[in-house]
1. Please report the accessible area of residue 110 (heavy atoms, 1.4 Å probe, ligands and nucleic acids excluded) in Å², nearest 10.
2. For segment 358-389, which trypsin sites (Lys or Arg not before Pro) are both in a DSSP coil and crowded by at most 10 other Cβ atoms within 10 Å?
3. Any number yet on Rg/Rh for segment 84-204, C-alpha, Kirkwood?
4. How far is it, in nm, from the label point at residue 26 to the one at residue 12 when both lie 7 Å from their Cα along the line to the Cβ?
5. At q = 0.16, 0.18, 0.26, 0.28 Å⁻¹, what log₁₀ I(q)/I(0) does a Debye calculation on the Cα points of segment 335-394 give, no solvent, two decimals?
6. Using every pair of alpha-carbon atoms in segment 377-497, split the distances into 5 Å bins beginning at 0 and state the percent of pairs per bin, rounded to integers.
7. Treat each spin label as a single point 7 Å out from the Cα along the C-beta direction, and report the residue 152 to residue 268 distance in nm.
8. Rounded to two decimal places and with Rh computed the Kirkwood way over Cα pairs, what is Rg over Rh for segment 444-599?
Amino acid sequence: MKRKIFSVNFIASAVLTLAVVAIAAYFGDFYFDLNDDVLMKDILSGAYTGLPQGHNIQMLYPVSAFIALLYRAYRGLDWYGIFLCTCQFGCVFILLSRALKVAEDKAGEVIAGAFVILFVLGGMLSHFVFVQYTFTCGLLSATAAFLVLTHSGDGKKDHVLAVFLIVLAYLIRSEMLLLTLPIVGVGILIRFCMSWRCYEEPVVSGVRVSRYGEKKCLFKKYFTLCAAIVLGLVLSSVIHNVAYSSPEWKQFNALFDARTELYDFQFIPDYGENRDFYDEINLSKPEQQLLINYNYGIDDEVDTEILRSVAEYASRLKTDEVPLPSRLISSIPFYLYRLRYVAYQKSYEYPMTDAPLNLIALILYLGVGAYFLFWGEKGRKAASILLIALLFACRSTLWLYIIVRGRDPIRITHPLYIMEIAVLTGLIISEDGVKKHFVKLLLLAAAVVSMIFIPNQISVISDEMAERDKMRDHYDALYEYFDQHGDSFYFVDVYTGVSATDGQERTFSEKMFENVDNSLANHDLMGGWACKSPLYYKKLDAFGLSSMQDAILTMDNVYVVSKTVNDVDWLKDYYLDKGYEVDIQKTDTVADVFVIYKVSEHK
């Protein structure tokens, strides 16, 4: 009987998951959300250096090496896109399978399945169309928390799967996993406390019966779970650090950290007002301009020390910087606004809208609190309410942290919502299955809210697809131009590589699974987060280039690409600063947006 039920649940979950895949494919066309994912794909596939590389900089080495191995086996597929989509739709399958399994009657199965499906479609469908590895990490973490809260029996298999999902999420995006891990910890604590009270000593014939042995086993089980998670994270980090232990990678990691500090948290001081500082670090005005336009890859003298010095100096200039306690207090109104504001999304990302996720979370908080308040066991109501309060305090702390840091895009905030929704849903359905009428009504209310937002999700996807198609019209033409001139190499201005029309269109990204070409690409950005990495030098070497500066100036088949709205005076000023008077000739125009330039020494 159990095998039959398992088979039915498995088939139902698989069919419903495939339905989500079909809906996402019908209303959208799978995209890498950001250009970061495109570059990661190029590194993993071999399109960047010529051979698939396990060092893709942004992900930890074990999972990068695994994906690169798939590309080495067969380079005709978009393995990175397949991997991310498998993770996301795999999470949908696990959530559905578990929700159906916990339900104790047919009505409960229908409501539980409907809630999961409608929540996916109304709350995060766009994330399944525009795929981003940070969101994938958060969804894996939320699924792991849901498994822990809803396991039955000894839960060993569920705990093993939860640990696997958490470690996988850490390998994909370590910073995001560490951000969500406190909520996972609260979920584990909630489940432990719920299980602990089942082993309280009963009184038989006036004698209290000890259940010390059962409590000891329970504590050991959850201690083992936590230890396994920590061990998995530590082991992953050790393997990653060993893989990046060469002097070249250590040097680049230092540069990467300095670059991140400068561009994400500091600013580039004005040259005229800070001439003495720039003279002190031997950075000329044309070189400082390279930092402003991100094209610092052309100058070998811009290294870790330069970037770190500029970042430290910029930090010292912030005399008006608000102290942390004041920033924290000033963030509270914005946090409360994000918590309560409900509106349809106007576009995919900006202006940022948290509905229906914040509304669903609110319904679940109120519903779970009411359930324990009115139907919770006597003597344990206070403890149950405190656990819910702990979850809310945890999410509030995380939200204030990202708001204070100014890093709150939807690829981070939406997974945080999904995390707490997973914990709250797991808590309420594991308490009584989906058996109590109140629990069914609560899930039904959340499902209805999700359903109301499905048309909005579809509209957002449609509009975003139209905008991205406009963007692709330009970049497809540029990439076709590169392919037609395979004997040449093109260094692309960073702002040109990110946006073709200065913010009037979507930033550069690529479709998954379309026109898959993982052959070595004859172009690269003049800056960016992979610039000056060992991979960057491998790419130069693959084309017989010694350095960007020399190649642009001395090689006949090397060109610079910029968009028509940009001037290239900065390039002429840079070479003049290095002692070369150059001529910059426009040789071609692509899609009326991109200009191909040839730089040569003036004779």
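1. Here the residue's solvent-accessible area equals roughly 100 Å².
2. Working: sites: 378, 380, 381; in loops: 378, 380.
Answer in residue order: 378.
3. Rounded to two decimals, Rg over Rh is 1.02.
4. With each label placed 7 Å out from Cα toward Cβ, I get 2.2 nm.
5. -0.61, -0.70, -1.03, -1.12
6. 2, 8, 10, 12, 12, 12, 11, 8, 7, 6, 5, 4, 3, 1, 0, 0
7. It works out to 6.0 nm between the two label points.
8. Working: Rg = 19.6 Å, Rh = 17.8 Å.
Expressed as Rg/Rh, it is 1.10.
The values are calculated or read from the model by the stated rules, or taken from the named source; none is laboratory data. Just so it is clear, the model here is predicted, and its values are computed rather than measured. In this analysis, Cβ positions are derived from the backbone assuming ideal geometry, glycine residues included, and neighbour counts consider all displayed protein chains. We work out accessible area using only protein heavy atoms, side chains counted, and drop any ligands, DNA or RNA first. Shrake-Rupley method; radii C 1.70, N 1.55, O 1.52, S 1.80 Å.
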